[in-house]
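See structure below.
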Amino acid sequence: MPETLITTAAPAAPPRASSIRPPRPASRSRVVGENLTLLYEGGRNRALYRVVDGCVVLSQLLDDGRRQITDVLGPGRLFGFTIDGRNIATAETLGIARIEPLGDADLNATNPAVASELKTTLHRMQIHATLLGRKTASEKVASALVELSRLFNRTGRNGAARLSFHLHLTRADLADWLGLTVETVSRCLNRFKREGLIDFSHPKTMRVLDPERLEATAGFTRQQTGETTRP
């Protein structure tokens, strides 16, 4: 993990003698900066990390420098899995994020949380392979928006979910994730906006106006959309 990790704790004023309490254990999580490379593909690594807040993407580079984003991770997801002690992907932040390092004991695949994450990762890889190989450009972009709305959906003041989210990925990031050009991604987003599926007044703020039509455009079945948040 880079040594540039920062914490947000401010220095506290000296407490009064009558109010001294046992010190609280320091949080293991760290705030990391935007567009920061946390792990390099092929590098040595002996720990896992959990995304507490923010967005981390995993990617691999081709020999000619082209990047393929293999997964987009939101809060709760783990990264840092290795083969023979070497990272299988580069991990980088797309904005300010909070990351929690896990101890070596958590690397054991018999740990229920780690085992569950490995199953989730395998399932997502299978879905992504189908997306890259068989889906049309419109289906790919719609699938990405459905997935991102699930990962980063905001909650209103009354606790009700709203179908709006911060789009951490740039158009170029989306293109690298979906195997498309930036121009194709932009055309699809603008067409979805004209058709009333989504709306965005700012490139980083996305609203899903018609989730059922967006899911249909993505080619999802009813079973695949069982976890989709409804208004």
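General observations
- Among the candidates LEU36, LEU48, the residue that is in contact with a Ser or Thr (Cβ under 6 Å, 6 or more places away or on another chain) and over 18 Å from ARG171 (Cα atoms) is uniquely LEU36.
- Of the set (1) of a type outside the set (A, V, I, L, M); (2) within 18 Å of TYR40 (Cβ to Cβ); (3) free of Cβ contacts under 8 Å to residues at least 60 places away in the same chain, all apply to GLU117 but (2).
- Taken across segment 175-197, residues that are buried (at least 20 other Cβ atoms within 10 Å of the Cβ), free of Cβ contacts under 8 Å to residues at least 40 places away in the same chain and part of a helix (DSSP H, G or I) do occur, with at least one present.
- Test: residue in segment 117-133 that is hydroxyl-bearing (Ser, Thr, Tyr), open to solvent by 40 Å² or more (accessible area, probe 1.4 Å) and more than 18 Å from the chain's Cα centre (by Cα): yes
- Those residues of segment 48-86 which are at pLDDT below 95 and at positive phi, in sequence order: GLY65, GLY76, GLY80, ASP84, GLY85
- If the condition is being at pLDDT below 85 and either aliphatic (A, V, I, L, M) or within 21 Å of the chain's Cα centre (by Cα) (or both), then segment 87-114 contributes ALA105, ASP106, LEU107, ALA109, ALA113, VAL114.
- In a residue-by-residue description of segment 137-148, the property of being among the hydroxyl-bearing types (Ser, Thr, Tyr), open to solvent by less than 20 Å² (accessible area, probe 1.4 Å), out of contact with any helix residue (DSSP H, G or I) (no Cβ under 9 Å at 6 or more places or on another chain) and modelled with pLDDT of 95 or more applies to no position.
The values are calculated or read from the model by the stated rules, or taken from the named source; none is laboratory data. These numbers come from a predicted model, not from an experiment. Cβ: placed from backbone, ideal geometry, glycine included. Neighbour counts: every protein chain shown. Surface accessibility is based on the protein's heavy atoms, side chains included, excluding ligands, DNA and RNA. Shrake-Rupley method; radii C 1.70, N 1.55, O 1.52, S 1.80 Å.
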